[in-house]
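To keep things clear, I will list the structure first and then write my remarks on it.
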Amino acid sequence: MNSSRYDRQIKLSEVGIEGQEKLQKASVLIVGAGGLGCPAALYLAVAGVGTIGLIDHDIVEETNLHRQVLFTEKDVGKSKVEAAKEVLIQHNSTIAIQAYNYRLDENSIFDLIRDYDIVLDGTDNFQTKYLINDACVKMDKPFVGASIYKYQGQLSVFNYKNGPTYRCLYPTHHYKDNNNCEETGVLGVLPGIIGTMQAAETLKIILSMGQPLSGKLKIIDTLTMQEQLIAFPLNKSLIKQVKDLPLKLETAICTIKDQDQLYLDVREPFEQPKPTNERVLEIPLGQLKDRYNEIPRNEKVHVYCQSGIRSKKAITLLEKEYGFDNLVEAGGIEELLK
């Protein structure tokens, strides 16, 4: 270990050489190399965390650049985890960076988190957050969670030393709350602030110092810079239920009003709710260029997404690039439900 690299950190009485060695031996899995995952990964890497895993199936897009600080214009079109790995190694070549270029699901999560001490959640959907929580509960792994919405961020530490879990805070969720940055927008500095705090909580856990946010939810509003700290209790019955039941992705189902019409759902596979209608074609916006031939041209196709933003983009793309003239803007899923 090159102690001069970490000299300012080692000088802290709570860290020292022994603490730096703990960091070198530690391993952290970061789920999502986006607005939260990028700053968290950067600060964990330069702090000397010995092994960092990054899992994300997305590629870098131009819209990511205002908040995902590991990427530059030359990375657009590249795998996020591979681009992030290159940057992190340049910052610290003495640590190991593992890149996993696929979506985390119930089939892969156990094998993946088994080799890591801590899981850091940088995702933007509740379905994956519950999946991470339940897997961590079953495998007795702490995870550092966070979420962002427009100007506000939330942060907590779950399942730390048998403490409260994510389900203790949010036993269930409603699909209406499943918003992401693409739909609602976000101030670019917000995920930087919260992601850096996630890194700080992770370092505290590794070094056994301070008071991690176990059983506490920290809320920050960047418009006012006011903060709240809300305590929440351990719910043993919910934890027992998680341990006893098989791991599965949560799904909220719904029925669209007019079941005779043909619909095109351009949301991502994880987005909720899922219609039970038979006449729904599911093609995420990012896959339309490769799968537009699956869309019929001989009848009206009603295009929808979560809020109406992506459905407009999808129609514009399909009409201008591929000559469709049978598309109807249906807006967001809420407008179509019974």
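Okay, here's what the table says:
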read-out: Positions within the range 199-251 being in contact with a Leu (Cβ under 9 Å, 6 or more places away or on another chain) and acidic (D, E), in sequence order; value: E201, E250
read-out: The one condition in (1) free of Cβ contacts under 8 Å to residues at least 12 places away in the same chain; (2) closer than 30 Å to V189 by Cα; (3) of a type in the set (S, T, Y) that S237 fails to fulfil; value: (2)
read-out: Any pair with Cβ under 6 angstrom, 6 or more apart, that starts in the range 202-217 at a residue that is within 14 Å of P142 (Cβ to Cβ) and ends at one that is among the aromatic types (F, W, Y) and not in a loop (DSSP other than H, G, I, E, B); value: P212/Y160; S214/Y160
read-out: Subset of the range 205-234 [part of a loop (DSSP other than H, G, I, E, B), within 17 Å of V189 (Cα to Cα) and either of a type in the set (S, T, N, Q) or not assigned by TED's automatic domain parsing to the domain that holds V144 (or both)]; value: T222, T224
read-out: Of residues in the range 48-67 being in a loop (DSSP other than H, G, I, E, B) and touching a residue at least 40 places away in the same chain (Cβ under 8 Å), the one nearest to I95 (Cα to Cα); value: G50
read-out: E271, sole failed condition from (1) assigned by TED's automatic domain parsing to the domain that holds K129; (2) under 20 Å from the mean Cα position of the chain (by Cα); (3) not small (G, A, S); value: (1)
read-out: Test result for A99, in contact (Cβ under 8 Å) with a residue 12 or more places away in the chain and more than 30 Å from P233 (Cα to Cα); value: yes
read-out: Matching residues, the range 280-292, being surrounded by 15 or more Cβ atoms within 10 Å (Cβ to Cβ) and either more than 25 Å from the chain's Cα centre (by Cα) or touching a residue at least 40 places away in the same chain (Cβ under 8 Å) (or both); value: V280, L281, Y292
read-out: Checking D105 against (1) surrounded by fewer than 19 Cβ atoms within 10 Å (Cβ to Cβ); (2) without any contact (Cβ under 8 Å) to a residue 24 or more places away in the chain, the condition it does not meet; value: (2)
read-out: Test: residue in the range 253-265 that is part of a loop (DSSP other than H, G, I, E, B), closer than 20 Å to D124 by Cβ and in contact (Cβ under 8 Å) with a residue 12 or more places away in the chain; value: no
read-out: The one condition in (1) crowded, with 23+ Cβ neighbours inside 10 Å; (2) assigned to a helix (DSSP H, G or I) that Q127 fails to fulfil; value: (1)
read-out: Residue in the range 293-311 that is surrounded by fewer than 18 Cβ atoms within 10 Å (Cβ to Cβ), of a type in the set (K, R) and not in a helix (DSSP H, G or I) present; value: yes
read-out: Selection status of D75, charged (D, E, K, R), over 14 Å from the mean Cα position of the chain (by Cα) and surrounded by fewer than 15 Cβ atoms within 10 Å (Cβ to Cβ); value: no
read-out: V119 vs. criteria of a type in the set (A, V, I, L, M), in contact (Cβ under 8 Å) with a residue 60 or more places away in the chain and farther than 19 Å from A33 by Cβ; value: no
read-out: The range 130-144 residues that are more than 18 Å from E201 (Cα to Cα) and part of a helix (DSSP H, G or I), paired with ones that are polar (S, T, N, Q) and modelled with pLDDT of 95 or more (beta carbon under 8 Å, 6 or more apart); value: V137/N159; V137/T165
read-out: Of residues in the range 223-236 being of a type in the set (S, T, N, Q) and in contact with a Lys or Arg (Cβ under 9 Å, 6 or more places away or on another chain), the one surrounded by the most Cβ atoms within 10 Å (Cβ to Cβ); value: N235
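The values are calculated or read from the model by the stated rules, or taken from the named source; none is laboratory data. Note that this is a predicted model, so its numbers are computed, not measured. Backbone-built Cβ (ideal geometry, glycine too); neighbour counts: all protein chains shown.
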